[in-house]
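Here's the structure, in structure tokens; my notes come after.
The values are calculated or read from the model by the stated rules, or taken from the named source; none is laboratory data. Everything numeric in this text was worked out from a predicted model, so none of it was measured. Here the Cβ positions follow ideal geometry from the backbone for every residue, glycine too, while neighbour counts run over all protein chains shown. Side chains are part of the model used for accessible areas, which takes the heavy atoms of the whole protein and leaves out ligands, DNA and RNA. Shrake-Rupley method; radii C 1.70, N 1.55, O 1.52, S 1.80 Å.
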Amino acid sequence: MTTAEMTAADLRRYGEDEAAAWVLRCSDEELERVFQVAGYLYGRVNPLARACATAAVYVCEGAPRELRRTRRKPQTEPEGPLLRNGRYSSLAVRRQIDALPRYGIGPDLVAFFDDGAAGPPVAGPEPARAVGASWRRPDFAERDDRRAQWTTWIPDDLEERVRWSVRRIGAADAILPHTFYSVFPLAPDAAVTEEPTSLEFLQAAGTDDRLVVEIKRREPDGALRQYVIGRPAAAAETETETVVQGEFEHRVRPADVHATADAEELFVHYLRHRDAPAGSHLRELSEFSSPR
């Protein structure tokens with residue numbers, strides 16, 4: 001772990017005075033992006049100081065290149081105070097970005113430093129093309145027993161991530177099982193430093209291969225209504241089944257109980273259409289609905 005001040009000192013030693021001035025005034029998101037890119041570069045670019053300086057130039061300028069100097073100037077500033085008293089990115093930003101795979105590592109960076117050794121360029125957020133430019137934000141966030149966090153904006157990665165999370169609900173063999181999982185669309189003006197939240201969502205709870213899935217959505221009249229999503233046969237059934245969620249039990253209809261694979265498909269459909277599949281039986285949970 002390093003700091004903005006330590007990175008600035010390294011940049012100056014490599015002859016990158018403009019990037020050194022920038023890293024001291026950049027946003028928390030940009031600083032964390034520097035650290036994420038440096039983690040990727042370290043091992044490809046050594047020593048660590050060079051990796052951090054190279055990452056800072058990349059984020060600052062928006063394109064990969066070698067540093068102006070191959071050897072550092074002599075050190076004139078003691079490292080201790082720069083590390084003890086320096087600036088790290090905020091915890092809120094780190095928590096959000098930790099949820100995003102290979103954040104800030106663009107295909108141009110991979111191609112420039114790997115030279116094809118690592119295979120085809122990976123998909124990833126494009127670096128900002130100018131200082132202060134906004135990063136591409138996800139459309140969804142997710143929540144489970146432990147936390148709420150942002151997801152990735154890359155469609156294929158998002159769908160695979162959500163499938164994996166659904167498979168962890170109540171799974172006895174999961175490393176980090178949870179009793180419920182939800183995804184929800186983010187407001188257009190949601191800030192990365194905020195804990196994500198939404199009044200609309202898709203959620204699932206239960207145990208492995210016995211899941212109940214619910215949707216809360218805004219109806220044309222402006223009301224928010226929450227429904228259990230079932231198969232069409234649920235229309236003629238009564239609540240005779242029990243789905244266990246930790247210490248709680250939910251009484252549901254037989255056609256409301258979903259196998260894990262079926263629940264995965266409901267989540268993927270929601271990511272693509274923000275609604276339940278056509279033909280689903282929706283049983284309203286009036287106690288969780290609200291008028292407009």
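A quick yes/no check of all residues on (1) without any contact (Cβ under 8 Å) to a residue 60 or more places away in the chain; (2) surrounded by fewer than 23 Cβ atoms within 10 Å (Cβ to Cβ); (3) among the charged types (D, E, K, R):
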site	(1), (2), (3)
20	yes, no, no
23	yes, no, no
38	yes, no, no
47	yes, yes, no
51	yes, yes, no
66	yes, yes, yes
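For the range 68-106, taking the residues that are closer than 18 Å to residue 26 by Cβ and modelled with pLDDT of 75 or more, the one that is surrounded by the most Cβ atoms within 10 Å (Cβ to Cβ) is identified as 104. Restricting attention to the range 241-261 and to residues that are open to solvent by less than 80 Å² (accessible area, probe 1.4 Å) and charged (D, E, K, R), the residue that is nearest to residue 182 (Cα to Cα) turns out to be 256. Of the residues making up the range 53-64, those that are at negative phi and surrounded by fewer than 18 Cβ atoms within 10 Å (Cβ to Cβ) number 1. Quick check on my filter: what residues within the range 7-18 are surrounded by fewer than 22 Cβ atoms within 10 Å (Cβ to Cβ) and in contact with a helix residue (DSSP H, G or I) (Cβ under 7 Å, 6 or more places away or on another chain)? Hit for the range 7-18 is 12, nothing else. Is it fair to say residue 215 is closer than 18 Å to residue 165 by Cα and in contact with an Asp or Glu (Cβ under 8 Å, 6 or more places away or on another chain)? When the stated conditions are applied, residue 215 passes them. Residues that are hydrophobic (A, V, I, L, M, F, W, C) and surrounded by fewer than 17 Cβ atoms within 10 Å (Cβ to Cβ) were ranked within the range 262-281; the one that is farthest from residue 226 (Cα to Cα) is 268.
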